[in-house]
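**Student:** Submitted below is the structure of interest, expressed as structure tokens.
The values are calculated or read from the model by the stated rules, or taken from the named source; none is laboratory data. Everything quoted here is computed from the prediction, not taken from an experiment. Backbone-built Cβ (ideal geometry, glycine too); neighbour counts: all protein chains shown. Side chains included, ligands, DNA and RNA excluded: accessible areas come from the protein's heavy atoms. Shrake-Rupley method; radii C 1.70, N 1.55, O 1.52, S 1.80 Å.
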Amino acid sequence: DMGGTETRWALANPLAEVLAEGVMPGASALQLSNAEGKIALSALFVSIAAEVAAHVAHFGSISFLQAGLTGFSGDHNAREEIKQMLTLAFALPSAAIAISNDIEIAYLDIFEPGTGFLVYAGTGSIAAYMDETRHLHRAGGLGFMLDDGGSGYWIAREALKAIWRREDVCPGAWRDSPMAIAVFQQLGGSDWQYTRDFIYQGNRGEVGKLALAVSASAEQDNEAQNILREAGREL
């Protein structure tokens, strides 16, 4: 289950009992758009396979792999590229690997097809419904550039925007803001260069984690409370 912030894996038996699980760094199927991203995605699959292999030996062997990846839209070429990477990493035949979007995994973890609506907020955000034919219907989830309202990335962006607009009006005002103090502590410094590098050179998963600093300061900071309230409205 690959999200922008982290990738979670679980090893289950035919009775759907979880035998082992773990967490690895996040990634996205959108990384297939460039050579560097493909290399990083392939390396992550190899790392996951190695971690899983340490547990598989105690239970037998893997017979099937279900992968749900954020950023995967069902494109045939992307599906085949991902399958090839997983085939090499896990030494499984292509027929033993199924690829879907991470939201499908999340939906089926909670509902049977056609029985409920899922509103999901992590690094990004989306609302989803899977009908009885297992066709996924979505609202939102247009990515951090256009939408993802109420998501971790959205919260982080709104917080940083508020902090730096206030700094333009009154330099040094961050020292009186619990939210700004918590945010800058996570960034590693209060100079603009720390924020600039974090936003424009970091990955969206790391940016999304900044929402935790906003949440942690909400009881002491009205602005943080308002951002979280607006996040709820967006969802």
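**Student:** Do you know which residues across segment 5-15 are open to solvent by less than 80 Å² (accessible area, probe 1.4 Å) and under 15 Å from residue 100 (Cα atoms)? I'd like the intermediate steps shown before the answer.
**Tutor:** Pass one, segment 5-15, residues open to solvent by less than 80 Å² (accessible area, probe 1.4 Å): 5-7, 9-13.
Hits for segment 5-15 are 7, 9.
**Student:** Now for a different question. Pairs only if they're at least six apart or on different chains, beta carbon under 9 angstrom, first in segment 68-79 and of a type in the set (Val, Ile, Thr), second assigned to a strand (DSSP E or B); list them, first residue then second.
**Tutor:** 70/2; 70/101
**Student:** Scan the helices (runs of 4 or more DSSP H) fully inside segment 142-205 and keep the ones with 2 or more residues being aliphatic (A, V, I, L, M) and either more than 27 Å from residue 24 (Cα to Cα) or open to solvent by 30 Å² or more (accessible area, probe 1.4 Å) (or both). Show your work before the answer.
**Tutor:** Numbers: elements: 152-169, 178-187, 192-201.
Answer list for segment 142-205: 152-169, 178-187.
**Student:** Further question on the same structure: Filter segment 80-126 down to the residues that are free of Cβ contacts under 8 Å to residues at least 40 places away in the same chain and more than 28 Å from residue 34 (Cα to Cα) and list them by number.
**Tutor:** Result: 107, 108, 109, 110, 111, 112, 113, 114, 115, 116, 117, 118.
**Student:** Can you tell me which residues in segment 16-28 are loosely packed, with under 14 Cβ neighbours inside 10 Å and either assigned to a strand (DSSP E or B) or modelled with pLDDT of 90 or more (or both)? It would help to see each step written out before you state the result.
**Tutor:** Initially, segment 16-28 is screened for residues loosely packed, with under 14 Cβ neighbours inside 10 Å, giving 16-19, 21, 23.
Once the filter is applied, which keeps residues that are loosely packed, with under 14 Cβ neighbours inside 10 Å and either assigned to a strand (DSSP E or B) or modelled with pLDDT of 90 or more (or both), segment 16-28 yields 17, 18, 19, 21, 23.
**Student:** Also: Which condition number in (1) part of a helix (DSSP H, G or I); (2) under 24 Å from residue 125 (Cβ atoms); (3) touching a helix residue (DSSP H, G or I) at 6+ places or on another chain (Cβ under 9 Å) is the one that residue 229 fails?
**Tutor:** It is condition (3) that residue 229 fails.
**Student:** Can you find a residue in segment 49-57 that is within 25 Å of residue 210 (Cβ to Cβ) and either surrounded by 14 or more Cβ atoms within 10 Å (Cβ to Cβ) or modelled with pLDDT of 90 or more (or both)?
**Tutor:** From segment 49-57, those within 25 Å of residue 210 (Cβ to Cβ) are none; that's our starting set.
No: segment 49-57 contains no residue that is within 25 Å of residue 210 (Cβ to Cβ) and either surrounded by 14 or more Cβ atoms within 10 Å (Cβ to Cβ) or modelled with pLDDT of 90 or more (or both).
**Student:** If you scan segment 97-134, which residues turn out to be of a type in the set (A, V, I, L, M), buried (at least 16 other Cβ atoms within 10 Å of the Cβ) and more than 25 Å from residue 158 (Cβ to Cβ)?
**Tutor:** Of segment 97-134, the ones of a type in the set (A, V, I, L, M) are 97-99, 103, 105-106, 108, 110, 118-119, 121, 126-128, 130.
Adding the requirement that they be buried (at least 16 other Cβ atoms within 10 Å of the Cβ) leaves 97, 99, 103, 105-106, 108, 118, 121, 126-128, 130.
Selection gives 97, 99, 105, 108, 130.
**Student:** Shifting gears a bit: Restricting attention to segment 115-125, does a residue exist that is of a type in the set (Gly, Ala, Ser), out of contact with any strand residue (DSSP E or B) (no Cβ under 7 Å at 6 or more places or on another chain) and at pLDDT 90 or above?
**Tutor:** Restricting attention to segment 115-125, the residues satisfying the condition of being of a type in the set (Gly, Ala, Ser) are 116, 121-122, 124-125.
Within this subset, residues satisfying the condition of being out of contact with any strand residue (DSSP E or B) (no Cβ under 7 Å at 6 or more places or on another chain) are 116, 121-122, 124.
When the remaining residues are screened for being at pLDDT 90 or above, the result is 116, 121.
Yes, that holds for at least one residue.
**Student:** Any residue that is within 17 Å of the chain's Cα centre (by Cα), of a type outside the set (Lys, Arg) and at positive phi - is there at least one of those in segment 68-84?
**Tutor:** We begin by selecting, within segment 68-84, every residue within 17 Å of the chain's Cα centre (by Cα); these are 68-73.
After this cut, where a residue has to be of a type outside the set (Lys, Arg) as well, the list is 68-73.
Filter once more, keeping what is at positive phi: 71.
Yes, segment 68-84 has at least one match.
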